[in-house]
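Written below as structure tokens is the structure these notes are about.
The values are calculated or read from the model by the stated rules, or taken from the named source; none is laboratory data. Remember, predicted model here, so these are calculated numbers, not experimental data. Neighbour counts are summed over all protein chains in view; Cβ atoms, including those assigned to glycine, are modelled from backbone coordinates with ideal geometry.
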Amino acid sequence: MPKATTVPRIPGSMRQQVKLLADLRNQFGADVRDWKLALLEALAGRDILDPRLLLEYHEALLFIRVYPDNREIFDLVRQECDRFAVRVRLLRDNDPEAAAGLDEEALPETTVSYRYDHTTIVELVKWFGNALEIQWEEYEDTEKLDALLPLLSAWPESDGLDLAPVSTEEWVELARGRDQTGLQWLLASLDRLKVPYLARRQLYDGLELPVAWQLGDTPACRTHARVAGGEPFFHGEALLRKMKRFDREVKRPLERISHASPATARSLIKTIRCALAVRHRGLYPVEYASLDEVVVASCNRGYQLVLFGMKPEYRLPIESDYASLIVKNGYVIGYGVGAILFDQCEIAINIFDTWRGGEAAYIFSQYLRVFHQHFGCTRFRMERYQVGYENDEGLKSGSFWFYRKLGFISEAPDVRALAEKEMAKIKAKSGYRTPIATLKKLAVSDMYYTMKGSPGKPGQVFPLTGLSLAVTKLIGERFGGDRRRALADSAEELGRTLGCRHREQWPAAERLWFERLAPAFSLIPGLAKWASTDKQDLVALIRAKGQPRESRFVRLLTANQKIGRALERAAGQG
């Protein structure tokens, strides 16, 4: 850190100023605060015409915006972020070729390009209209689109498609009309086909269509990816990098957790979709997020965790899949997923690169805290990719030891033994670092974390594939492979067994899930002999899968050990 003075003497070179600000972004204290303020004030009045330097400045601003020292720095950084489009336009006007180097960085006035899936592109076009268009120069193999166009055209156009000396791009330009882009025409034409939604989705996804998205100065830019929140949390002291009592923090009651209003839910769904799309990412629960189940949890230190449940018709059969948005001081800094089954949650978290070096351990504690408090999860699993398996970034960052120090344990006994040996070396030799080759061996196993007092067995995994294969076997042997008949007949039989009358009066989604789950639950041995109260519990569980908020299904399944054991026996038939 530069030597402290009453009035910091900042470097004269703009490059040095940006580099120094980047170096100081995650340091705190009175002296550092004065330096940050002086650097921000100096850079606010200077034009940055080097694209790499401008990007470095941008990343430093976003980090400080999320982890501000005080109100003065917070306001100054906010102003710089709000006017960042001006800087990018200036660079583009001065050197268009150099400015093109910022494309794919998701800054204001830049372009991102990607082959988005159908569910994502439909929403993006709905929100941003003609800012998205087919990237013809990147679409060299148009044969798949050529094969689809006859389905979208009128019969008299056939000769033009087959014989006219025009390219696919030129034909679409002719076909689209004046008031829409080629992409808008294509999506609208697919909508007009008299085929189910899933078929339209498959048709579009099969095209593998490259799309260019002109971001403009919209909230989709990384610079403006914010949500409404309260007062910012200021970091007058060092960041909280270690968690001494991780288990206690996870158990600590949340300050506030509530379902978002429909308007807020709609805005938050748009926010997470854009945050993922500009980074070329997607999550299944986000694609089918439900307005009825967007949950906002307020944590400490300016953090919020937003959970996204799914629309009933797209939910997983037995698991419950939730996406999450990680917010700090109103900024979107990461995302995650949690797949819940009984009291166990399989988790994955990603903090965006800009905010690496922040409060990772604390964020992780809040993630588990929300899933524990809201759903009752007491066991957490993490796939080995998260700790470095076939993941070079995870290996280099020492992900295994990060999670190990929080209390996660490898499922494989030989990996646990190796971890103990490495821990002994770390304690015995100051400065010892586990070699990459050893980290690769430590990363071959999934890891789990079991809270004290958990009713579940540490590391135990429900055989989902066994249950699925048992259903496949049932349909093949009993129904000759006729899945439609299997669902209908199984539902009728299960309805009689459980005493379900007047199912036709249930909401459509509950009827759908009763039919979908009937083959699986019909495999439960001795179900007909269950007590009436146990049968009623099972009916309530199945209906909960189709209700607006899937969290009720999660809690009912977690609480009912009889159903859990019965499903395990059914899975054994696979």
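Brief remarks on what is shown
- Considering (1) on the phi < 0 side of the Ramachandran plot; (2) surrounded by 16 or more Cβ atoms within 10 Å (Cβ to Cβ), the lone condition that GLY459 does not fulfil carries the number (1).
- Residue list for the range 180-196, filter: loosely packed, with under 12 Cβ neighbours inside 10 Å and in a helix (DSSP H, G or I): ASP191, ARG192
- For the range 206-234, a residue qualifies if it is over 27 Å from VAL278 (Cβ atoms) and either touching a residue at least 24 places away in the same chain (Cβ under 8 Å) or within 21 Å of the chain's Cα centre (by Cα) (or both), and exactly one does: PHE234.
- From the options ALA238, ALA212, residue that is closer than 26 Å to ALA360 by Cα and among the aliphatic types (A, V, I, L, M): ALA238
- The single condition from (1) in a helix (DSSP H, G or I); (2) surrounded by fewer than 15 Cβ atoms within 10 Å (Cβ to Cβ) that SER430 fails is (1).
- Residue in the range 506-515 that is exposed (fewer than 13 other Cβ atoms within 10 Å of the Cβ) and more than 25 Å from TYR288 (Cβ to Cβ) present: no
- Taken together, the criteria place ILE436 among residues that are exposed (fewer than 14 other Cβ atoms within 10 Å of the Cβ) and either within 16 Å of GLY459 (Cα to Cα) or touching a residue at least 40 places away in the same chain (Cβ under 8 Å) (or both).
- Against the conditions (1) modelled with pLDDT of 95 or more; (2) within 24 Å of ARG552 (Cβ to Cβ), PHE342 satisfies every one except (1).
- Number of the condition not met by ILE363 [criteria: (1) aliphatic (A, V, I, L, M); (2) without any contact (Cβ under 8 Å) to a residue 24 or more places away in the chain; (3) out of contact with any helix residue (DSSP H, G or I) (no Cβ under 7 Å at 6 or more places or on another chain)]: (2)
- Count - residues of the range 535-562 that are farther than 20 Å from ARG511 by Cα and either at pLDDT 95 or above or not small (Gly, Ala, Ser) (or both): 5
- Matching residues in the range 119-145 - criterion: being assigned to a helix (DSSP H, G or I) and in contact with a Pro (Cβ under 8 Å, 6 or more places away or on another chain): GLU138
- Exactly one residue out of THR218, THR168, THR223 is closer than 30 Å to GLN79 by Cα, among the β-branched types (Val, Ile, Thr) and surrounded by fewer than 19 Cβ atoms within 10 Å (Cβ to Cβ), and it is THR218.
- Flag if GLY336 is over 15 Å from ASP446 (Cβ atoms) and assigned to a loop (DSSP other than H, G, I, E, B): no
- For the range 463-494, the set of residues classified as crowded, with 17+ Cβ neighbours inside 10 Å, touching a residue at least 12 places away in the same chain (Cβ under 8 Å) and in contact with a helix residue (DSSP H, G or I) (Cβ under 7 Å, 6 or more places away or on another chain) consists of LEU467, ALA470, VAL471, LEU474, ILE475, ALA486, LEU487, SER490, ALA491, LEU494, listed by residue number.
- Taking the numbered list (1) loosely packed, with under 13 Cβ neighbours inside 10 Å; (2) in contact (Cβ under 8 Å) with a residue 60 or more places away in the chain; (3) not acidic (Asp, Glu) in turn, GLY177 passes all entries but (2).
- Here ALA277 meets the list (1) surrounded by 13 or more Cβ atoms within 10 Å (Cβ to Cβ); (2) at negative phi; (3) over 22 Å from the mean Cα position of the chain (by Cα) almost entirely, failing just condition (3).
- Residues located in the range 517-574, provided they are in contact (Cβ under 8 Å) with a residue 40 or more places away in the chain, under 28 Å from the mean Cα position of the chain (by Cα) and surrounded by 20 or more Cβ atoms within 10 Å (Cβ to Cβ): LEU517, LYS545, GLY546, GLU550, SER551, PHE553, VAL554, LEU557, THR558
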